[in-house]
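As structure tokens, the structure follows; a few thoughts come after it.
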Amino acid sequence: MLRRGLVAGPDFEGFQRRYFTPAEVAEHNKPEDLWVSYLDSVYDLTPLAQEYKGNLLLKPIMEVAGQDISHWFDPKTRDIRKHIDPLTGCLRYRIPRGRFVHVPPQLPRSDWANDFGKPWWKGSNYEVGRLSAKTRNIRIINTLTSQEHTLEGVPEHCRSRGASNYI
């Protein structure tokens, strides 16, 4: 039985993912803590790095740990960019850093297993949040003690919650 004056708790059904700054993503640049961002989303590829530890196909991803790799992807298809191979005339993935995990080899091979399901870049199971387009520094000054702190804030986060001003 509901009592007067009580309101329901927060509705987490439509809860949006957290925003991350490029600096926060850059902190996750080790094999045991590997994040990348692409096409305005942030992905934690640590489980992928652990699964393929020691595999040469992980090297291109390790080289860009903590960075934005949007230039690898086509914004319309959200797939890796493709090009026509001048030697074969076939449509191929454009992978300037070399082939990486879940990218098929250029030529048919009997040792390539494609039983992994969706490639890591097509699924959302590695997504941890959104990449902030802009950040804003907020300076907080304690007028009694003259202590000063500067925080880096994400304006998108406040706008998505309906706040009119960030501060």
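Being open to solvent by 20 Å² or more (accessible area, probe 1.4 Å), in a helix (DSSP H, G or I) and among the hydrophobic types (A, V, I, L, M, F, W, C) narrows it down to one residue among L57, L48; which is it?
Every option except L57 fails the conditions.
Residue-by-condition table, conditions (1) under 16 Å from the mean Cα position of the chain (by Cα); (2) open to solvent by less than 50 Å² (accessible area, probe 1.4 Å):
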position: T77; (1), (2): no, no
position: C90; (1), (2): no, no
position: F100; (1), (2): no, yes
position: G123; (1), (2): yes, yes
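Exactly one of these conditions fails for R130: (1) of a type outside the set (V, I, T); (2) outside any strand (DSSP E or B); (3) at pLDDT 90 or above. Give me its number.
Among (1) of a type outside the set (V, I, T); (2) outside any strand (DSSP E or B); (3) at pLDDT 90 or above, the lone unmet condition for R130 is (2).
The values are calculated or read from the model by the stated rules, or taken from the named source; none is laboratory data. From a predicted model like this one, the values you see are computed outputs, not experimental measurements. These accessible areas exclude ligands, DNA and RNA; they are computed on the full protein's heavy atoms, side chains included. Shrake-Rupley method; radii C 1.70, N 1.55, O 1.52, S 1.80 Å.
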